[in-house]
Structures are given as C-alpha cells and as structure tokens.
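A short write-up of the structure that comes next.
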Amino acid sequence: MKRPTVTDLANAADLSVSTVNRLLHGTGTLRPETVERILSAAQSIGFYGLGILRERKQTHLPRRRLGFLLQQSHRAINRLWAESLATAAARRVDTLINPVIEFEDDLSPEAVAAHLLALGAVSDAVAVITADHPLISQAIDELRARDTPVIAYITDLSAAGRAAFVGTDNWKAGRTAAWFISQMAHRPGKVFPFVGSHRYQCQDICDASFRSYLRERAPTFIVHETQLTNEEPQTAYETVRRLITEEPDLVGIFVGGGGISGVLRALREFDAPRRQDIKIVCRDIGPEAHKGLAEGLITAAIPHSLKRMPEELIEVMLDRIEGRGQTSIQQRIVPFDIVTPESAWT
C-alpha cells in the first residue's frame, strides 16, 4: 500500500500543502485549531510523520507562567493541593504551562500581600488562597493595575479588583454538614462549629448555613459559639479536650477549617462509647482525615474536589489572561465531594 504523502495529508485536512509543510518543517506559526486539524488528519490516514507533527505542535503552543500562592506548607492537605495543581497544569494539551507553586507559612495579611505582589510580578496570572483583608485587596488592586489577573481560590475575597473566584457552594456545604450531624447523632444535644478564621469567607459562610439548617430543620440541637482554631491543630486539640470534658451533652463538631488532626487526637484519648457519641464532619480530605474516616471517627468529609477544582482554576486563569482588561468578575462553582467511612478511598 502506498505511503500517504504530504499532498494526501493536505487534502485530508482540507488545507494547502504549504500550510502543512509549515508545521512539518517548523517554519512560521499556525493557529492551534489548524495544528489540531492537521494532527487529526495525519492520524486518520496513517501519515508517516505523525510523531514529528506532534513534536512540532509543542513549539506552536502558547506558553503561560501561572502563579499559585498556597498556605502553610506543613499541612498535608496543602501539599496535596500543590500536587493536584501541578498535575492539572501538565494535563493541558492546548497550552504549555509553567506552574509556580509557592507557600506562605506566615498567615499575617502583611506577609501574604507582599508574597502575592512578588509572585504576581513574575506570573501571567495568580491564584491565591487567603483570608480576606484590606491589605490583600490593596495588593490585588496593584496587580490589576499591572494587568495581572488575580483569582481567589477556594475562599472568595471582597477585593473589587479580583478577576475571578473558583470554589464550591459553601452555603450548601454548611447545610450538608448540619444534615449529617442531625441525622447521625444518637440523640439531640450540643453542637460546636470550628473555623480557622472568620476572615475566610468560605468558612464563615459554612458556619452561617450550618446554623441556619439546624435552626430550621433540627431545632432540638443547640448550636454553641463558633470555636476559633487559627488553623492550628494544637488549638483544636485543646478545645476539643475541654469540650468533651466539660460538655456531657456534646454530640457533634463541624470542622469548617483546619485543625482536623488536633480534633482526632483529642477524640482518641477518650473511650469508645464517648467517641461514638460525637459525630464529626469536616471539610478536609488529607491523610489525617482519611485515617479518621477509616477509624470511624469522622462521620463525613465534605471536601473540595482535588481533581476538578485545579482543572477549573487553570481554565479560568487562562481565560482571564486572554481577556485582560475585562471588568466583570468570573465565578466558577465546582461541586464539592462527599466522603463517608464506607466510600473513602485508600
């Protein structure tokens, strides 16, 4: 059988021979859709130079440097976010992405704002997970003035200059957590929500909706003052030990922020009947949460999707780079996962 020629490929792609040769020999530039058209035709006719064409495609792809500012490098869930973002960036077939993933361990607004500005100076777009604060808003406004889009990730921000928000429906997440506790608790009693900081919008919204569900649908449960952990496991540990000791009617804890490892450590120090009497729902899905699910200490986890969230974030970042100067704020809401002891993966 005669081997397909360049002319055969051009005919199959409905393009000129000169256009096909520009890709084959790496001369000139072609639109991404034209490159895909040639590759598809080459594969369909069994063109001998398919491997070369695929290599040439790489030289025609746009290149983007995307910055990601995460928090607290010592937390396993944040390292999982970093891995998921790098994987999602590598999976893109239409753009060569250089992901610059950095952590800020100092959660003060001054440190985060300075880091955000520095990362924005070397990135085409930046995504950030941070508490809401006027200093953060000021940094975002400065980057917008430099034409660098900033996308709020996981937790939204009040900054008018942000380009987009990618996260979950936190109102539904909070009500889902309340549903689990009200349905799984052996008896009505006292329930305590935990947040890392009230300046994380995602946590504050979850806290409010958690309370609204119990008021509306389960009024026999008493929701107490929200406990602040400052995202520190030791603080969560000390708080849970105190509550279990002082509150015999404690039946539920909703961990809307960090600190699940501390919560579990405290719970393990009490006997099995007391542990089983307290239903824990969290938004974490790191190694400690997995362990807690396997032990039956966690009733349910309601985490952000480690696969879909990074993919949606990168999609939005690339879109905002192409649409620089847009004044509208894009919002992408991704469904959260629901993981129980029986559905947790290993």
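Rank 130, 120, 13 by how far each Cα sits towards the positive end of the charge dipole of the chain (+1 on Lys, Arg Cβ; -1 on Asp, Glu Cβ) and give me just the farthest. Checking the options against the dipole of the chain, the answer is 13.
Across 74, 304, 198, mean-square fluctuation computed from a Gaussian network of the chain (C-alpha pairs under 10 Å connected) peaks at 74. Against the longest principal axis of the chain, how steep is helix 308-322, in degrees 0 to 90 to the nearest 10, with axes from Cα atoms? Result, in degrees: 50. Computed over the chain, the per-residue total of -39500 (n - 2.57) for DSSP H runs of n ≥ 4 gives a 222 nm mean residue ellipticity of -15000 deg cm²/dmol, rounded to 500. Counting only Cβ charges, +1 for Lys and Arg and -1 for Asp and Glu, the dipole size of the range 25-177 around its Cα centre is about 760 debye. Among 271, 204, 319, the largest mean-square fluctuation in a Gaussian network model of the chain, built with springs joining Cα atoms closer than 10 Å, belongs to 271.
Pairs of lysines in the chain whose Cα atoms sit within less than 30 Å of one another amount to 11, provided the residues are eight or more positions apart or on different chains.
Note on residue 40/residue 145: beta-carbon distance plugged into 1/(1 + (r/R0)^6) with R0 of 35 Å gives a FRET efficiency of 0.25. Between residue 336 and 169, the built amide H atoms are under 5 Å apart, and every one of these is 5 or more places off in sequence or on another chain. Going by alpha carbons, how many degrees (0 to 90, nearest 10) lie between the helix axis of 32-45 and the longest principal axis of the chain? In the chain, helix 32-45 runs at an angle near 70 degrees to the longest axis. Structure remark: mean-square fluctuation, Gaussian network model of the chain, C-alpha springs under 10 Å; the largest value among 231, 269, 104 belongs to 269. Roughly how many percent of the accessible protein surface of the chain is carbon and sulfur, given a 1.4 Å probe and a whole-percent answer? Heavy-atom surface of the chain belonging to carbon and sulfur, 1.4 Å probe: 50 percent. Here the extension length gained between residue 212 and residue 329 equals 39.3 nm, from 0.36 nm per residue of separation less the Cα-Cα distance.
Across the range 224-346, counting alpha-carbon atoms alone, Rg and Dmax equal 18.0, 59 Å. About the centre of its Cα atoms, the chain shows a dipole size close to 1080 debye [charges on the beta carbon of Lys, Arg (+1) and Asp, Glu (-1) only; nearest 20 debye].
Between the range 37-64 and the range 310-339, the C-alpha centres lie 29 angstrom from each other. FRET efficiency for the pair residue 295 and residue 31, taken as 1/(1 + (r/R0)^6) with r the Cβ-Cβ distance and R0 = 45 Å, rounds to 0.25. In the chain, with Lys and Arg counted as +1 and Asp and Glu as -1 at Cβ, which of these residues, 111, 47, 230, has the Cα nearest the positive end of the dipole, that is, farthest along it? Positive-end residue among those listed: 47.
Full extension of the chain segment joining residue 52 with residue 246 gains 62.8 nm, where the gain is 0.36 nm per residue of separation less the Cα-Cα distance. For the chain, the solvent-accessible area of protein heavy atoms averages 45 Å² per residue (probe radius 1.4 Å; ligands and nucleic acids excluded).
With the simple model of a label 7 Å out from the Cα in the direction of the Cβ, residue 95 to residue 80 spans 2.6 nm. Rounded to the nearest 10 degrees, the inclination of helix 109-120 to the longest alpha-carbon principal axis of the chain is 10 degrees.
The values are calculated or read from the model by the stated rules, or taken from the named source; none is laboratory data. All values reported here derive from a predicted model rather than from experimental measurement. All Cβ positions, even for glycine, are placed from backbone atoms using ideal geometry, and neighbour counts span all protein chains on display. The accessibility values were calculated without ligands, DNA or RNA, using every heavy atom of the protein model including side chains. Shrake-Rupley method; radii C 1.70, N 1.55, O 1.52, S 1.80 Å.
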